[in-house]
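Below is one structure, written out as C-alpha cells; the observations come after it.
The values are calculated or read from the model by the stated rules, or taken from the named source; none is laboratory data. In this text, all values refer to a predicted model and were calculated from it rather than measured experimentally. All Cβ positions, even for glycine, are placed from backbone atoms using ideal geometry, and neighbour counts span all protein chains on display. The area values use the complete protein model at the heavy-atom level, side chains included, leaving out ligands, DNA and RNA. Shrake-Rupley method; radii C 1.70, N 1.55, O 1.52, S 1.80 Å.
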Amino acid sequence: MNARYTKNVPGRKTDVSDASWLRQLHSYGLLRVSFRPTSEIATLRAYLRQRERLVEYAAAHIQHIQKALMEMNLQLHHVCRL
C-alpha cells in the first residue's frame, strides 16, 4: 500500500508494531492498495525512461563537443559549407 494513504489515517504510525497495525487497518478496508501496472506496461515505461535519459545524455555530449571545439577556436559553421 502507498504511504501517502496511511499518513491520512489517524492513529500511531511510527511505533514498533506498525506492520501489524497496518495489516489490521487493511483487513478492515481502511487502506487502499497501490496501483501496480501490468508487467508489459512496466517494461514499456522502463524503456521509455531509458530512451529519454539517453536522448538527454546525447544532447549534453553534443554540447560538450561544441564547447570543446569553440575553445579550440574551431567553428563548424564556418568550416562546413554545404
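Among residues of the stretch 25-37 that are touching a residue at least 24 places away in the same chain (Cβ under 8 Å), those with a Cβ under 7 angstrom from a residue that is part of a loop (DSSP other than H, G, I, E, B), sequence gap 6+ or separate chain, pair up as H26/M1; L31/M1; L31/V9; R32/M1; V33/M1; S34/M1; S34/N2.
One residue alone among Q66, Q24 is part of a helix (DSSP H, G or I) and open to solvent by less than 100 Å² (accessible area, probe 1.4 Å), and that residue is Q24. Please tell me if P37 is at pLDDT 85 or above, of a type outside the set (G, A, S) and not in a helix (DSSP H, G or I). In short, yes.
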